[in-house]
1. Hey, can you tell me all the residues within segment 226-244 that are in contact with an Asp or Glu (Cβ under 8 Å, 6 or more places away or on another chain) and crowded, with 22+ Cβ neighbours inside 10 Å?
2. Could you check how many residues of segment 92-127 are assigned to a loop (DSSP other than H, G, I, E, B), small (Gly, Ala, Ser) and over 18 Å from ILE64 (Cβ atoms)?
3. Can you tell me which residues in segment 229-272 are over 30 Å from GLU29 (Cα atoms), of a type in the set (S, T, N, Q) and in contact with a strand residue (DSSP E or B) (Cβ under 8 Å, 6 or more places away or on another chain)?
4. Can you find a residue that is more than 25 Å from SER234 (Cα to Cα), surrounded by 22 or more Cβ atoms within 10 Å (Cβ to Cβ) and not aromatic (Phe, Trp, Tyr) anywhere in segment 28-41?
5. Got a number for residues in segment 242-251 being outside any loop (DSSP other than H, G, I, E, B), over 18 Å from the mean Cα position of the chain (by Cα) and more than 12 Å from VAL198 (Cβ to Cβ)?
6. In this structure, is GLY214 surrounded by fewer than 24 Cβ atoms within 10 Å (Cβ to Cβ), at positive phi, over 20 Å from the mean Cα position of the chain (by Cα) and not charged (D, E, K, R)?
7. Test of understanding: among LEU130, LEU111, LEU165, LEU175, which residue is in contact with a Leu (Cβ under 9 Å, 6 or more places away or on another chain), surrounded by 14 or more Cβ atoms within 10 Å (Cβ to Cβ) and under 17 Å from GLY204 (Cα atoms)?
8. Sort through PHE233, PHE239 and tell me the only one that's in a loop (DSSP other than H, G, I, E, B), in contact (Cβ under 8 Å) with a residue 40 or more places away in the chain and out of contact with any Pro (no Cβ under 6 Å at 6 or more places or on another chain).
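The values are calculated or read from the model by the stated rules, or taken from the named source; none is laboratory data. In this text, all values refer to a predicted model and were calculated from it rather than measured experimentally. Counting neighbours? That spans all protein chains shown, and the Cβs are built from the backbone with ideal geometry, glycine included.
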Amino acid sequence: MKGLTCIAISLILMFVSPALAKQKALIVEGFDSPESITFDGEYYYVSNMGKNLAPTAKDNDGFISKLSRDGKVVDRHFLPRKGFLNSPKGLAIAGDILLAADVDRLAGFDLKTGEKTIDIDFSSAGTKYLNAIAVKDENTVFVSASDAGKIFKVNICCTYHFEALITQINGPNGLWWDEDNSVLYVVGWGSGKPDGRVGAVTVGSAGAWYKTIGDYRGFLDGAVLENSARLLFSDWIAFEKKGEVKAMNLGSGEVTTIPTPELIGGPADFYLNRFDATLAIPMMMEGKVMFVPYGG
């Protein structure tokens, strides 16, 4: 789950006409390896890994852009206001905090002030590839470590303690927390070849259990639970302009393709704006973000 903003967003947007729902697809240019996008009910936020597609590099050239609800760039270098980010990937919002997974650190920024309020170092866990974030509640998030095959459970409020929730997943990437069923959906990047899987981690008081769903394999990146029966995910297909967004029936494992105006070079950690009926998809290899009307 990208953030705990659903109730607040719904109250805000009850009286706001959709900004993109009646438009054709929009492609916004001018980003540096955009990896993830999220939304707070008024603005979109896009992580930029930097000019070079170097996901583990500590090169100080990463940043987060701010876009209006209709896709216009408000502030290309919105965050950080002080200091630097290296290669920020997954974004999520917990309360008023925008979280960013950055190589081996989890950073958090107050959206009201821009101040950096969270900085958790994961280097002791042996990872240099923190990737996606799913929000469990305002105090707890899950973070995938694609290189270590792990998903961490992280306290972001008080202790800043983290622990491995599950291990030995094949390149865990995109995450989505299903609060109703205490299930964490995860899609895998794979092991350097298109063998990443769709799976689910059931989280209970006695521990966590992982199982794969269906037979689909690929270079899987972002994940969004559209409803209790349908999971959306992105698949790069190859390291060229061949990527697509897919939908899996969680009961049968059947996979279909979501129409987009063109194939995508690196469809990364996308966002489903349910209120504007829009998919916002980073085109990482192309330095663009695609906004696509989506009716399910």
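1. LEU232, PHE233, SER234, ASP235, TRP236, GLY243
2. Of the residues in that region, 1 qualify.
3. ASN249
4. No, because not a single residue in segment 28-41 is more than 25 Å from SER234 (Cα to Cα), surrounded by 22 or more Cβ atoms within 10 Å (Cβ to Cβ) and not aromatic (Phe, Trp, Tyr).
5. Applying the first criterion (outside any loop (DSSP other than H, G, I, E, B)) to segment 242-251 yields 242-249.
Among the residues that remain, those that are also over 18 Å from the mean Cα position of the chain (by Cα) are: 242, 249.
Still in the running and more than 12 Å from VAL198 (Cβ to Cβ): 242.
Total satisfying the criteria: 1.
6. Values: surrounded by fewer than 24 Cβ atoms within 10 Å (Cβ to Cβ): yes; at positive phi: yes; over 20 Å from the mean Cα position of the chain (by Cα): yes; not charged (D, E, K, R): yes.
Judged against the criteria, GLY214 is a match.
7. LEU165
8. PHE239
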